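Let me begin by presenting the structure, written as structure tokens, before commenting on it.
What follows draws every value from the coordinates through simple rules; no lab data is involved. Every value quoted in this text rests on a predicted model; they were computed, and no experiment measured them. Because the Cβ atoms are built from the backbone with ideal geometry, glycine has one as well, and the counts that use them run over all protein chains shown.
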Amino acid sequence: MRRKISLKPITLLLLLITFVSYAKEEGTQGEPKNDRAAFVKEYIQHHLKDSYDFGLYSYTSDEGEHKHIGFPLPVILWDNGLKVFSSSKFHHGEEVAEVGGNYYKVHHSKIYKVDGPNEQIIEDEHHHATNEKPLDFSITKNVSLIILVFGIMFFMFSRMAKSYTKNNGMPKGMGRFLEPIVLYVRDEIARPNIGEKHYKRYMSYLLTVFFFVWIVNLFGLTPIGMNVTNNIAVTLCLALITYLITTFSGNKNYWKHIFWMPGVPVPMKIILAPIELLGTIIKPFALMIRLYANITAGHVVLMSIVGMIFLFQNWIGSSLSFLLAFVLAILELLVAALQAYIFTVLSALYFGMAVEEHDDHH
């Protein structure tokens, strides 16, 4: 008997070859890949940076004019006096702003002083601006998000407190959503790491830092590009607060085990004391870098995969990039909560080490 040859696998193979060939041809058409790659790289850097205006999206009109949709934010400078004006004068960093006879220009998300309306920023051989830079107290995009998150947290917890008051200790509305999270922070983070005797002193800070990091991380996943925790200045402030609370909470046993550890030979005490003292600084430094690096890396990878859609410019590569970006975005939702959890757990662990009552006989 003759075997019948099925044409289905051959047909599928031919179709696959055709699609791959089509994808390669499409990748060579239109704009050069190097230009598209440079555009994607520039867009990723712009997405990660802070800015003086709130941009929702932009587009190019039929006349070739680049239009921005958003709203400006207040610029507050100190340059031989207080200078307050709207960031719309910069026209998204494209023009020089004139305020009180002085001229200012935005360069790499910083404001510098220039000599005239048509002057440019002067750079040295290392591409660093040499222009005078005024003191900047502006309400930037990241600052506005911090204020917004403060308002959200104040609203949530005030509603929760009112629900407890009105319903004789039974939560309703916002309280039903927040109570399991608050109890989890208390029972699974504060109590095990700090101890039953001292944990209540730190609950307000632990709850604040947990919800703050979680909410700002969630905002960072939105298309509006408000990324607070990928700003190392913000993570530095959070880590510094943890360091100050740990330092000023430390009891005599905590400092004794740093400078003169019991049960250790004297020569080793002299060697280990500066190492242990340095460790008190390294711990909050690790907090700062861990949060900053994880959030920044997540945004860079996610935006890079989204940018691959514009690099491939064909339905195969774009579809795969979109699918991968969608899966990674779901994973980033987990990372947003995970980073808030890790920062809170480590802070509680440091507090527990500072208030622990050691028994030198064991």
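Please compare each pair in K200/K269; K141/K162; K133/K283; K83/K133 to a cut-off of 23 Å on the Cα-Cα distance and tell me which ones are over it.
K200/K269; K141/K162; K133/K283
Can you give me the distance in nm between label points at T165 and L148, each placed 7 Å from the Cα along the Cα-to-Cβ direction?
Output for this residue pair reads 2.9 nm.
Could you pull out which residues in the stretch 326-359 have an amide N less than 12 Å from a spot 7 Å beyond the Cα of A286, following the Cα-Cβ vector?
346-347, 349-350
Can you figure out the FRET efficiency of L218 with F259, using R₀ = 45 Å and their beta-carbon distance, to the nearest 0.05?
Rounded to the nearest 0.05, the efficiency is 0.60.
Take each of the peptides 330-343, 167-180, average the number of other beta-carbon atoms within 10 Å over its residues, and list them starting from the highest.
330-343, 167-180
Where nothing but the Cβ of Lys and Arg (+1) and of Asp and Glu (-1) is charged, how large is the charge dipole of the stretch 142-355 around its Cα centre, in debye to the nearest 20? List each step's numbers first, then the result.
Numbers: 15 positive and 6 negative charges, 157 e Å.
Dipole about the Cα centre, nearest 20: 760 debye.
Obtain the nm distance between the two label points defined at Y103 and E276 by a simple spin-label model: each point lies 7 Å from its Cα along the Cα-to-C-beta direction.
That separation, rounded to one decimal, is 6.1 nm.
Please give, to one decimal in nm, the separation of the simple spin-label points placed at I181 and A129, each 7 Å out from Cα toward the Cβ.
3.7 nm
Starting from 0.36 nm per residue, how many nanometres of slack lie between E119 and S319 once their C-alpha separation is accounted for?
Taking 0.36 nm per residue and subtracting the Cα distance, the gain is 67.5 nm.
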